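Take a look at the structure below.
The values are calculated or read from the model by the stated rules, or taken from the named source; none is laboratory data. Here the structure is a predicted model, which is why all the values come from computation and not from measurement. We work out accessible area using only protein heavy atoms, side chains counted, and drop any ligands, DNA or RNA first. Shrake-Rupley method; radii C 1.70, N 1.55, O 1.52, S 1.80 Å.
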Amino acid sequence: MNRIGKVLRAAAACVALLAADGCGPFWVNPYITVEESPLNWMEIHYYNTLDSSRKSTRRVSLMLNGMGHVEVKKGTSKLVSDDFAKGYKDDEWHDIKTQRIEIDPKHVNDIFQDLVNRGVLDREKWGKSEKKKSEYKRFIAVRANINNVTYSERENIFEADPDLAEYLLDTIRQFENPARR
């Protein structure tokens with residue numbers, strides 16, 4: 001019992017030290033200043049089915065990383081949003097187009113900062129969604145690692161924060177059909 005008591009006191013002291021330093025292990029500020037880093041990345045996945053009679057779903061996936069690599073995938077194949085998708089016998093399996101673009105890492109950093117400022121990493125807003133009926137079945141989700149703050153929940157942002165969802169969709173459109181140079 002004496003040894004267990006020492007371990008418990010040491011653990012309590014460590015937790016108190018972390019809390020005193022402001023380094024609480026349970027909450028991370030989602031509104032951060034984004035530093036340029038090749039380790040920063042963000043994926044935005046968008047799905048749209050016009051009506052229930054339409055079998056195929058339009059998918060667009062945007063991957064940005066801190067080095068300036070941008071990859072846009074679009075089509076009806078499940079491979080657009082899932083590199084490990086099954087169903088190679090599906091009719092839509094080969095309907096995928098991939099485009100890779102190189103841009104200035106500072107521009108990517110500005111995009112990350114703008115999305116962070118709009119609350120893309122804020123977990124507090126998720127779960128407060130209202131289920132709304134719509135003639136469009138739209139879904140948009142984000143996975144990200146920005147300054148070692150990760151976000152990877154598969155919540156439909158159209159339900160939780162429609163303004164952020166529209167801004168994410170505009171971010172996809174910015175790279176979906178870039179002008180030829």
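Going residue by residue through region 86-101, is there one that turns out to be part of a strand (DSSP E or B), at pLDDT below 85, on the phi < 0 side of the Ramachandran plot and not acidic (Asp, Glu)?
Checking region 86-101: not a single residue is part of a strand (DSSP E or B), at pLDDT below 85, on the phi < 0 side of the Ramachandran plot and not acidic (Asp, Glu).
Here's a check for you: in region 51-79, which residue that is β-branched (Val, Ile, Thr) and at pLDDT 90 or above is nearest to Leu168 (Cα to Cα)?
Here the answer is Val60.
Residues that are under 20 Å from Trp93 (Cα atoms), open to solvent by less than 80 Å² (accessible area, probe 1.4 Å) and modelled with pLDDT of 70 or more: does region 24-38 have at least one?
Scanning region 24-38, I find no residue that is under 20 Å from Trp93 (Cα atoms), open to solvent by less than 80 Å² (accessible area, probe 1.4 Å) and modelled with pLDDT of 70 or more, so the answer is no.
For region 62-85, give me each residue that is open to solvent by less than 100 Å² (accessible area, probe 1.4 Å), in a loop (DSSP other than H, G, I, E, B) and not acidic (Asp, Glu).
Scanning region 62-85 gives Gly66, Gly68, Thr76, Ser77, Ser81, Ala85.
Quick check on this structure: which one of Lys133, Lys125 is open to solvent by 80 Å² or more (accessible area, probe 1.4 Å), at pLDDT below 85 and not aliphatic (A, V, I, L, M)?
Lys133
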